[in-house]
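The values are calculated or read from the model by the stated rules, or taken from the named source; none is laboratory data. Source: prediction; values computed, not measured. Glycine gets a Cβ as well: all are built from the backbone with ideal geometry, and neighbour counts include every protein chain shown. Heavy atoms of the whole protein, side chains included, go into the accessibility calculation; ligands, DNA and RNA do not. Shrake-Rupley method; radii C 1.70, N 1.55, O 1.52, S 1.80 Å.
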Amino acid sequence: MENLVKMKRRTFLKSAAATGAALGLGGTISDFSLSGLTAEAAENAEEKVFQSGCPRNCYSTCSMLSYVEDGVLKRVEGNPVSTYTNGHLCSKGNSYPNHVYSPDRIKTPMKQTGGRGSGEWEAISWDEAYSEIAKKILALKKEYGNTLPVCLNKYSGNGDVLHSAVEGFFKSIGYTTRAKGTPCWPAGIDAQTFDFGTAINNDPEDLVNSKYIILWGVNPAWTAVHSMYFVEEAKRRGAKLISIDPILTDTAAKADVHIQIKTSTDGALALGMAKYIMDEKYYDENWLTKHSLGYEKFFEYLKKEVTVKWAAEKTGLTEATIKKIAKAYATTKPAAIWIGYGLQRHANGGQNVRAIDALAAMTGNIGVSGGGANYATLVTGDFNYYTSSFLPPVGSTGIPSEGTQVDRDVNINNFAHDVLEANEPPVKMLYLACRNSVQQDPDTKAIKKAFESMDLVVTADLYMTETVAMSDIVLPAQTLFESPGVVTSYWHYWMTLNERAIEPLYQSKSDAEIAMGLSQKMNELEPGSCTFPTSGNLDEWLAQEFNQEILTAYGIGSWTELKAGPKKMINKQVAWADGVFKTPSAKYEFYSEEAKKFEHPALPEHLNEMKAPEGYSIRCISPHWKYSIHSQFQNLEWMNAVNDKPLIELHPELAKKYDIKPDDKVKIKNKTGETYAFASITKTVQKNVVVVYEAWFRNKGEKGENHTKFNINNTVKAIPSDMGSNATGMPGISFHDNFVKIEKM
Ligand SMILES: Nc1nc2c(c(=O)[nH]1)N[C@H]1C(S)=C(S)[C@@H](COP(=O)(O)OP(=O)(O)OC[C@H]3O[C@@H](n4cnc5c(=O)[nH]c(N)nc54)[C@H](O)[C@@H]3O)O[C@H]1N2
Ligand SMILES: Nc1nc2c(c(=O)[nH]1)N[C@H]1C(S)=C(S)[C@@H](COP(=O)(O)OP(=O)(O)OC[C@H]3O[C@@H](n4cnc5c(=O)[nH]c(N)nc54)[C@H](O)[C@@H]3O)O[C@H]1N2
Ligand SMILES: [Mo]
C-alpha cells in the first residue's frame, strides 16, 4: 500500500516544472492553467500517488506512478517496484501531463456537419450521438436482416483489458463485420508458432546473463528503451553486442558490430550462418536429438542449397563476416537473439524468422538463461475478458447464404479493399476505436475511399486524428488516468493495475462507458437488441477479469494486491526451460507439417526478397519513431517542441544524385501515392534505401508549417507478408517492401 497512499507535499509549480525540465522545456506549461490553482493554493496542495499502467502498444508497458494534487495530474514517473520499468519513463511517458491537458483534446461528442473532411464540426450531446449511432445500426439491421453491414475496426491505441468492451458491445448486437489480424507482428508470430508451438520469450531482464546478444531487426534504443538497460548491462558484464539492421540505428551505435544487411535478406544470412555452423560442427547435437524434430532434413537442405558464398551475395556482406559471427554466436554460450518486428514486415518476413529460430535451436540456445530466440510472449494476459463475454441476442443472423451465424472477417491489413469488396450485405457503417486507420494503414487513398463509401463513420478518440477527420461523428475518449484498468506486456512479465487518478475531463468517457451508453440507447429504441450491460461499475468489472489461473501465475491471492504495486509472473525467467514445446510433436520443429498446411515450405527454406519494380529503384522503409507511439504523442506540443517535422533520411550519394541539400523538402512517390519529408542527409542509411519514420505530425500554426498531410502510408501498397494466417487469422503486411522515386520539391 505504501506507494498508493503515500502523501507528499510538493508545489504544483515545482512539479510541473520538473516534468517540463525532463523534456528540456524550462518548465512553462500553460496547459496547467486548467487546474485553476493559484500559486498559494498549489503550495498547500496535498499530493496523492496512484498506480498507473501505460496501455500503449509498446514492448515496455510501463508501471507508472501518477502524482496528483487537488485533482490535477502533475507528473508521471516510472514505478521502481517493477524491475523492468525501474523508475524510468521514455520521453512519451514523461509527456503524459501534456497528453491529458492538451488543449487539442476532443471535449464533447461532435458531428461533422459539412461532410467528411470538411472540418466543420458541431458539438452534440452524448444522447444525440448515441441516438444517431443506435438508429443507424437498427436501420441497417432492418434493411439487410442482420448486423453485418456494421463494421468494427479496433486496434492498439489502448491495450488495457477493459477496452475489450468495444468488441463486447459489437458482439452484443449480433454478427458484425470485423477487422481481423494485426499489422504489427503476425509473420513472426506464425513463424514461432510453427517452430515452438507459440511465441514465448525469455524475461528481457535475463538478457544480462547473456554473453553474446544479436539484436536482429530491432531498435530498442527507441522502441523498447527499458530493455536497452539490460542489453547494456550485459555488455558491461562482458557480452558482445551485434546489431543486424539496414540502418545504423541508435541501437547499432551501441553495438560492438553493426551488420548493415541488405533489407529483407535476413533468411539468407541465417541460413549461411547455419551452413557454416553445420560444416564446422559447432552445433549442439545433444539438444537437437533430444528436443527437435526434422533437423536432419534441415541439414540436408543446407548441404544441397546453401553456401556461405551465396549468403554473402544475397546479403551484401562478406563471407568472412558471416563466418565470423556464425562462429562467435555458436561458440559463445549462452547467446541470445532478439528478433524485432521491423525485420518481419516483408513479403518473406515469416520465413526469415524461421531461419533465425533455427540458428538458436541448432546451437542449443533455447531453454537456457541468457539465450533464446526472443520475439514476443503470448502467455501474460489470460484474463476473463468479461466485457466481451456477452452472447449475441437470440435470433441474430450472420452470413445468410451459408446459413452460419458468425462475424464476417475482413483483413485489417487490406481493410480498404476488403470493405469495398464486401457484399451481401455491403459494409455501410464503420466504428473505429483505439485506431488511427487513415494514418497507420497502408494505401491511404484506398482507405479514404472505403470511408467515403459509408453511410456513417464513427470514431472514438482523444484527438482530431486523420481518421477522425474522415468520420461523421467523433466520441471523446479518456486518457488512462481517467478510468481504471489493468495491463500486461507482450515482452516482459509484469502486471500493472491502472487506478483512476483524476476525474474525467470535459465530457470524455472510457470505451467501456461508451459501450454501456450505446447499449442503453439500443435497448431503448428496440428492447432486446443488445445484450451488453446498460450500466455498471468499472472497478467491479475489473474484478471480473481475474481468474485463479492468472492470479496463481502472478503469485497473488487477490487482484487487490496490485494496489500495492505491479506484480511479476512467476517462473518465467527462461522460456521453454522444460524442453517441451507446444508443437504437435512437443519438440522444436525444424520440419513443420503445420507450415505445410498453410502452403509454406515445411523447412525454414530461403524465400526471395521483393525486388524494386521498374522505375522505382529506391526502397523506403518506415520503422517506428522515437518521439511517438505510432500516431500518438507526436501531436503534443511538448513533442513538437523537440521534433516538429517529418524527416527522410538519405545517403549523401543519393542526395547528391537528386541535388538534395540538408533540410530540403523532398517528394516521395510511387504508383500508390505520394508524400513529402525534409532531408536528413546521413551515412547511417544505405545508398539505395531511404528511411521515413511512421508518425503523425500536428503542428500549431505559429510553430511552422502544418504537417498533418504528411503520411508515409500514402505510398505503401497493401502487400501481404508470407505468414500470419495461422496464429492471427490474416497475413501480415510488408510495410518495408515499399519502392519509391524521390525528387526535390
Ligand atoms: N518509440 C516508439 N516505440 C515503440 C513504437 C513506436 O511507434 N515508437 N511502437 C511499438 C510497436 S507497436 C512495435 S511493433 C515495436 C516495433 O519496434 P521494433 O521491433 O524495434 O521494430 P521497428 O522499429 O519497426 O523496426 C526495427 C528495425 O528493423 C529494421 N529493419 C527493417 N527491415 C529490416 C530487414 O529486412 N532486416 C533487418 N535486419 N532489419 C530490418 C529497421 O531498420 C529498424 O531499425 O515498437 C514498439 N515501441
Ligand atoms: N508505414 C508503417 N505503418 C505502420 C507501421 C510501420 O512500421 N510502418 N507499424 C504498424 C504497427 S506495428 C502498428 S502496431 C500499427 C498501430 O496502429 P494503431 O493501433 O492505429 O495506432 P496508434 O496510433 O497507436 O493508435 C490509434 C489511435 O488510438 C487512440 N486512442 C488512444 N487511447 C484510446 C482509448 O482509450 N480509446 C480510444 N477509443 N482511442 C484511443 C489514439 O489517440 C490514436 O489515434 O501501425 C502500423 N502502421
Ligand atoms: Mo506494432
Fill in: Scope segment 413-459; condition without any contact (Cβ under 8 Å) to a residue 40 or more places away in the chain and polar (S, T, N, Q); matching residues
Asn423, Ser453, Thr459
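To keep it simple, each residue is scored yes or no on (1) within 16 Å of ligand 2 (Cβ to nearest atom); (2) farther than 30 Å from Glu593 by Cβ; (3) among the aliphatic types (A, V, I, L, M).
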{"site": "Ile133", "(1), (2), (3)": "yes, yes, yes"}
{"site": "Lys142", "(1), (2), (3)": "no, yes, no"}
{"site": "Thr182", "(1), (2), (3)": "yes, no, no"}
{"site": "Gln192", "(1), (2), (3)": "no, no, no"}
{"site": "Asp195", "(1), (2), (3)": "no, no, no"}
{"site": "Thr198", "(1), (2), (3)": "no, no, no"}
{"site": "Lys211", "(1), (2), (3)": "no, yes, no"}
{"site": "Ile214", "(1), (2), (3)": "no, no, yes"}
Response to the item:
Note on Ile570: of the conditions (1) under 28 Å from the mean Cα position of the chain (by Cα); (2) open to solvent by less than 20 Å² (accessible area, probe 1.4 Å); (3) away from ligand 1 (no atom under 16 Å from the Cβ), unmet is (2)
Response to the item:
Counting only residues that are over 16 Å from Met610 (Cα atoms), in a helix (DSSP H, G or I) and within 15 Å of ligand 2 (Cβ to nearest atom), segment 327-352 contains a total of 0
Discussion item. Under 8 Å between Cβ atoms, which residue pairs at least 6 apart in sequence (or on different chains) link something in segment 350-372 that is closer than 16 Å to Ile325 by Cβ with a partner that is among the aromatic types (Phe, Trp, Tyr) and open to solvent by less than 10 Å² (accessible area, probe 1.4 Å)?
Written reply: Ile356/Trp216; Ala358/Phe298; Ala358/Phe590; Leu359/Tyr329; Met362/Phe298; Thr363/Tyr329
Practice prompt. Please tell me if Glu609 is outside any loop (DSSP other than H, G, I, E, B) and under 20 Å from Arg345 (Cα atoms).
Written response: no
Item to complete: Collect the residues in segment 313-324 that are of a type in the set (A, V, I, L, M, F, W, C) and within 9 Å of Leu269 (Cβ to Cβ), keeping them in residue-number order.
Response: Leu317, Ile322
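Out of Met470, Met464, Met429, which single residue is surrounded by fewer than 22 Cβ atoms within 10 Å (Cβ to Cβ) and away from ligand 3 (no atom under 16 Å from the Cβ)?
Met464
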Worksheet item: Among the residues of segment 658-668, is any away from ligand 2 (no atom under 14 Å from the Cβ) and surrounded by 20 or more Cβ atoms within 10 Å (Cβ to Cβ)?
Response: yes
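Among the residues of segment 113-153, what is the count of those that are among the hydrophobic types (A, V, I, L, M, F, W, C) and farther than 16 Å from Met454 by Cα? Break it down stepwise before answering.
Taking segment 113-153 as the starting set, the residues that turn out to be among the hydrophobic types (A, V, I, L, M, F, W, C) are 121, 123-124, 126, 129, 133-134, 137-140, 148, 150-152.
Within this subset, residues satisfying the condition of being farther than 16 Å from Met454 by Cα are 121, 123-124, 126, 129.
Qualifying residue count for the region: 5.
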Worksheet item: Considering only residues of segment 719-745 that are assigned to a loop (DSSP other than H, G, I, E, B) and of a type in the set (A, V, I, L, M, F, W, C), which is farthest from Ser622 (Cα to Cα)?
Response: Ala727
Item to complete: Would you check which residues across segment 668-684 are in a loop (DSSP other than H, G, I, E, B) and either free of Cβ contacts under 8 Å to residues at least 24 places away in the same chain or of a type outside the set (Ser, Thr, Tyr) (or both) and list them?
Response: Asn670, Lys671, Gly673, Lys683
Discussion item. Looking at the structure I just gave you, is Thr387 of a type in the set (Val, Ile, Thr) and away from ligand 3 (no atom under 16 Å from the Cβ)?
Written reply: yes
Worksheet, complete the sentence: Checked Pro584, Pro604, Pro533 against criteria (in a loop (DSSP other than H, G, I, E, B), open to solvent by 40 Å² or more (accessible area, probe 1.4 Å) and not small (Gly, Ala, Ser)); the one match is Pro584
Fill in: helices (runs of 4 or more DSSP H) wholly inside segment 420-491 that include at least 2 residues being away from ligand 1 (no atom under 16 Å from the Cβ) and touching a helix residue (DSSP H, G or I) at 6+ places or on another chain (Cβ under 8 Å)
444-452, 466-469
Discussion item. For segment 48-61, which positions are within 16 Å of ligand 3 (Cβ to nearest atom), of a type outside the set (Lys, Arg) and in contact with a helix residue (DSSP H, G or I) (Cβ under 8 Å, 6 or more places away or on another chain)?
Written reply: Cys54, Pro55, Cys58, Tyr59, Ser60
Item to complete: Sort out which residues of segment 627-647 are farther than 24 Å from Ala433 by Cα and either surrounded by fewer than 23 Cβ atoms within 10 Å (Cβ to Cβ) or within 13 Å of ligand 2 (Cβ to nearest atom) (or both), and write them in order of number.
Response: Asn640, Ala641, Val642, Asn643, Asp644, Lys645, Pro646, Leu647
Practice prompt. Looking only at segment 607-620, count how many residues are under 30 Å from Ala360 (Cβ atoms) and open to solvent by 50 Å² or more (accessible area, probe 1.4 Å).
Written response: 4
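So, of the residues in segment 410-426 that are open to solvent by less than 70 Å² (accessible area, probe 1.4 Å) and more than 26 Å from Gly673 (Cα to Cα), which turns out to be modelled with the lowest pLDDT? Quick ask: steps written out before the conclusion?
Within segment 410-426, the first condition is being open to solvent by less than 70 Å² (accessible area, probe 1.4 Å), and the residues that meet it are 410-416, 418-419, 422, 425-426.
Of the ones still in play, those that are also more than 26 Å from Gly673 (Cα to Cα) are 425-426.
Working: Pro425: 94, Pro426: 97.
Residue satisfying both the conditions and the ranking: Pro425.
Need at least 1 residues that are buried (at least 22 other Cβ atoms within 10 Å of the Cβ) and more than 16 Å from ligand 1 (Cβ to nearest atom) per element, so show me which strands (runs of 3 or more DSSP E) inside segment 90-181 make the cut, counting only ones lying wholly within it.
Per the criteria, 150-154, 177-180.
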Worksheet item: For the subset of segment 49-71 comprising residues that are more than 16 Å from ligand 1 (Cβ to nearest atom) and open to solvent by 10 Å² or more (accessible area, probe 1.4 Å), which member is farthest from Thr377 (Cα to Cα)?
Response: Asp70
